[in-house]
Amino acid sequence: MTNHLKTLLALLFMGTLIACDNSNSETEQVATRWAQAFFNYNFQEAQQYVTPESEQWLRFAASNVTQQDIDALNNNEGATVSIDGYYPGTDSTGIVYLNVENYLQMDSIGKVGTRRQHGSFQMMLVKRDGKWKVRMEGLPRNERQSRD
C-alpha cells in the first residue's frame, strides 16, 4: 500500500470520526434541551425539539397539568438532565439515554405529580430535513424499576 493511499484512508477515517462526533454532539444537545423543557413542564419550548407527529404527546401532557402541579414545580428546584449515553442507529436515527434528577412525575388525571429524585429515560431521535428531533411515541417512561 502506498503512502498516498495510507494517508487518504487515514483522512477518510478521521473524517468519519469527526462526523460521528458532530452527530453525537447535535443529538445530545437536542435531547438535553428537549428534556430540560419537558421535565420542567415547558411544553411550548419542548415543541421545537420534537417531530411534528410527536406534538400530540406534548399537547396531551400539557392538558393534564393542574395548578397543583404548577405549584409543586414552583416550590422546588427544576429538573436537571444529563446524558448517560448515545447509540447511533443509522445516519438518521439514534437513541439517547438520559438521567433526570429532581423531576415531577405526572400522575393520572386529577392527581398531583410525584417528586422523583432520579429517573432514567430512553429517547429516540431522528434526523429530519438535516436537523435532529426527538420522536415521542408516548410520554417518557422511567426505565428504572424501583420507585424512589
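Which numbered condition in (1) in a strand (DSSP E or B); (2) of a type outside the set (A, V, I, L, M); (3) open to solvent by 70 Å² or more (accessible area, probe 1.4 Å) is the only one that Arg116 fails?
(3)
Against the definition (surrounded by 11 or more Cβ atoms within 10 Å (Cβ to Cβ), at pLDDT 90 or above and more than 19 Å from Thr27 (Cα to Cα)), how does Ala72 come out, yes or no?
no
Within the stretch 83-104, track down each residue that is out of contact with any Lys or Arg (no Cβ under 8 Å at 6 or more places or on another chain), touching a residue at least 24 places away in the same chain (Cβ under 8 Å) and open to solvent by 50 Å² or more (accessible area, probe 1.4 Å).
Result: Ile83, Asp84, Pro88, Tyr97.
Quick one: is Gln36 surrounded by fewer than 16 Cβ atoms within 10 Å (Cβ to Cβ), in a helix (DSSP H, G or I) and under 11 Å from the mean Cα position of the chain (by Cα)?
no
Please specify each residue of the stretch 121-136 satisfying the condition of being touching a strand residue (DSSP E or B) at 6+ places or on another chain (Cβ under 7 Å) and touching a residue at least 40 places away in the same chain (Cβ under 8 Å).
Within the stretch 121-136, Phe121, Met123, Leu125, Val126, Trp132, Lys133, Val134, Arg135, Met136 qualify.
Any residue that is in contact (Cβ under 8 Å) with a residue 40 or more places away in the chain, outside any loop (DSSP other than H, G, I, E, B) and either open to solvent by less than 70 Å² (accessible area, probe 1.4 Å) or closer than 15 Å to Leu139 by Cα (or both) - is there at least one of those in the stretch 61-68?
Yes, some residue in the stretch 61-68 is in contact (Cβ under 8 Å) with a residue 40 or more places away in the chain, outside any loop (DSSP other than H, G, I, E, B) and either open to solvent by less than 70 Å² (accessible area, probe 1.4 Å) or closer than 15 Å to Leu139 by Cα (or both).
Of all residues in the stretch 24-67, which are in contact with a Pro (Cβ under 9 Å, 6 or more places away or on another chain) and polar (S, T, N, Q)?
Of everything in the stretch 24-67, those that are in contact with a Pro (Cβ under 9 Å, 6 or more places away or on another chain) and polar (S, T, N, Q) turn out to be Asn24, Thr27.
Any residue at all in the stretch 59-82 that is among the aromatic types (Phe, Trp, Tyr) and within 14 Å of the chain's Cα centre (by Cα)?
Among the residues of the stretch 59-82, not one is among the aromatic types (Phe, Trp, Tyr) and within 14 Å of the chain's Cα centre (by Cα), which makes the answer no.
The values are calculated or read from the model by the stated rules, or taken from the named source; none is laboratory data. Quick caveat, the model's predicted, so the values are computed rather than measured. In this analysis, Cβ positions are derived from the backbone assuming ideal geometry, glycine residues included, and neighbour counts consider all displayed protein chains. SASA here: full protein model, heavy atoms, side chains in, ligands and nucleic acids out. Shrake-Rupley method; radii C 1.70, N 1.55, O 1.52, S 1.80 Å.
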